[in-house]
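First comes the structure, then the notes that go with it.
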Amino acid sequence: MLPWSEEQVDFWGYVVVGEPISERLYRPCSPTNAIHQPVRQQKSKSTFMTSTTSVQDKSWLWIFLAWLVALAATLGALFLGEVMGVLPCVLCWYQRIAMFPIVIILAVGLMPFDDRCVRYALPLAVAGWLVALYHCLLYWGVIPKDLVPCGEGASCTDVKAVLFGFVPVPLLSLAAFSLVVVFLSIVKKGSRNE
């Protein structure tokens, strides 16, 4: 007996429809589902798989880019704090609390790919973006110094918090969170359209 020529019931009680082994369709075996009932026609597998795969590839790419940005921001923050000895202020700590888990969440979502990781990473990225925006406004003097949350330790408006002589560290943080939010929002919008 050829395994692809006739319908058979497998070990778990599913009817194996007479198709090649690589394209078998399984349906539960029950009294209302007789072995010789016709199988519903399905869309062409090649068309379906191509469209789904390309959407997943694009989602994977956006999540990977968001992960790269988050990883660069995390490594940059660790380099500034641990190697260069720049003490982080209170707002910097809040931004680190938001950014560091994003690296882990997105890495777990990438392998094996699961775009549901966006639902966990996006709220953290938005919260970090809000803190980074507040930090930038404090740094530029838009928000009065009376509202500065920093007590003891490093100042949130420290002029020494500049990279390459002209780029403030709070602005780098805002840019990193902005990119992560944009990339993850693209994935979320794409998964809604499916």
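Evaluated against (1) within 18 Å of the chain's Cα centre (by Cα); (2) surrounded by 15 or more Cβ atoms within 10 Å (Cβ to Cβ), Met111 falls short on exactly one condition, (2). Test Ser191 against the stated conditions and say whether it is modelled with pLDDT under 85, surrounded by 15 or more Cβ atoms within 10 Å (Cβ to Cβ), assigned to a helix (DSSP H, G or I) and of a type in the set (S, T, N, Q). Yes: the conditions hold for Ser191. Cβ-Cβ contacts under 6 Å between residues 6 or more apart (or on different chains), taken from a first residue in segment 107-126 that is among the aromatic types (Phe, Trp, Tyr) to a second residue that is part of a helix (DSSP H, G or I) and open to solvent by 60 Å² or more (accessible area, probe 1.4 Å), are listed as Phe113/Trp60.
For Ser22, the conditions (1) modelled with pLDDT of 50 or more; (2) in a helix (DSSP H, G or I) all hold with the exception of (1). Within segment 52-86, the only residue that satisfies the criterion of being open to solvent by 70 Å² or more (accessible area, probe 1.4 Å) and in a loop (DSSP other than H, G, I, E, B) is Met84. No other residue among Leu138, Leu124 is within 19 Å of the chain's Cα centre (by Cα), crowded, with 20+ Cβ neighbours inside 10 Å and among the aliphatic types (A, V, I, L, M) apart from Leu124.
Quick check on Arg96: is it open to solvent by 100 Å² or more (accessible area, probe 1.4 Å) and modelled with pLDDT of 90 or more?
Criteria not met by Arg96.
The values are calculated or read from the model by the stated rules, or taken from the named source; none is laboratory data. What you see is a predicted model; the values in this text were computed from it and never measured. Virtual Cβ from ideal backbone geometry, glycine too; neighbours counted across all protein chains shown. Accessible surface is based on the protein model in full, side chains and every heavy atom, while ligands, DNA and RNA are left aside. Shrake-Rupley method; radii C 1.70, N 1.55, O 1.52, S 1.80 Å.
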